[in-house]
Amino acid sequence: MPDQMPAFTISENDEGFLNVTDTVGRNSVNKPNDVLLVQAMLHIIMPYTYSIPQESLTYPSGTYDSRTATAILKYQEASSRSRRVKIWKDGFINRAVGAHVPGKKRVWTITYMNEDLYYAYLVYGYGRNYSEWLYSEYPQLQEYAAYY
């Protein structure tokens, strides 16, 4: 197990909500484990849900780069269009704290990413839940997970 704090948490129930511990995005903290989680989620969500080829995305490495930045923005734009709701198109993935962004009627981007991953899992996935599916696709995530 790495010395640093786990990058994300999942719940013990079958919902398996995945959350970053700090902000991922331009000029942000970009903890490698948080970046790894975001990259892995986008690597599944974008092709299955928004028809954006995996080849255009950074393979989950934990290193924030320009392709990761572009993928986050593309995700926010595509998600906003498909849901017909306003999603912050700011290029940041923040830790979800509560159901909505404080003082706003907007939902955290990471919440929508979990929702999209869940729906992709229902159609294409396998295993007990969508986090298990993500771990089987990207085993490097397992060593960073913590249950709460």
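Among residues belonging to the range 25-68 that are crowded, with 22+ Cβ neighbours inside 10 Å and over 19 Å from Tyr135 (Cβ atoms), point out the one that is nearest to the chain's Cα centre (by Cα). Only one residue tops the list, namely Thr68. Only one of (1) within 16 Å of Ser28 (Cβ to Cβ); (2) buried (at least 18 other Cβ atoms within 10 Å of the Cβ) is not met by Asn114, so which one is it? Exception for Asn114: condition (1).
Here Arg95, Arg106 are screened, and the one residue that is part of a loop (DSSP other than H, G, I, E, B) and touching a Phe, Trp or Tyr at 6+ places or on another chain (Cβ under 7 Å) is Arg106. Exactly one residue among Thr111, Thr63 is assigned to a helix (DSSP H, G or I), within 20 Å of Leu37 (Cα to Cα) and among the β-branched types (Val, Ile, Thr), and that residue is Thr111. Among (1) part of a helix (DSSP H, G or I); (2) surrounded by fewer than 20 Cβ atoms within 10 Å (Cβ to Cβ); (3) aromatic (Phe, Trp, Tyr), there is one condition Tyr121 misses while meeting the rest; what is its number? Every listed condition holds for Tyr121 apart from (2).
Please indicate, with yes or no, whether at least one residue in the range 56-66 is closer than 23 Å to Val107 by Cα, at pLDDT 95 or above and not hydrophobic (A, V, I, L, M, F, W, C). The answer is no; no qualifying residue exists.
The values are calculated or read from the model by the stated rules, or taken from the named source; none is laboratory data. Bear in mind that the values here come from a model prediction, so they are computed numbers and not experimental data. No Cβ is skipped: glycine too gets one built from the backbone with ideal geometry, and neighbour counts run over all protein chains shown.
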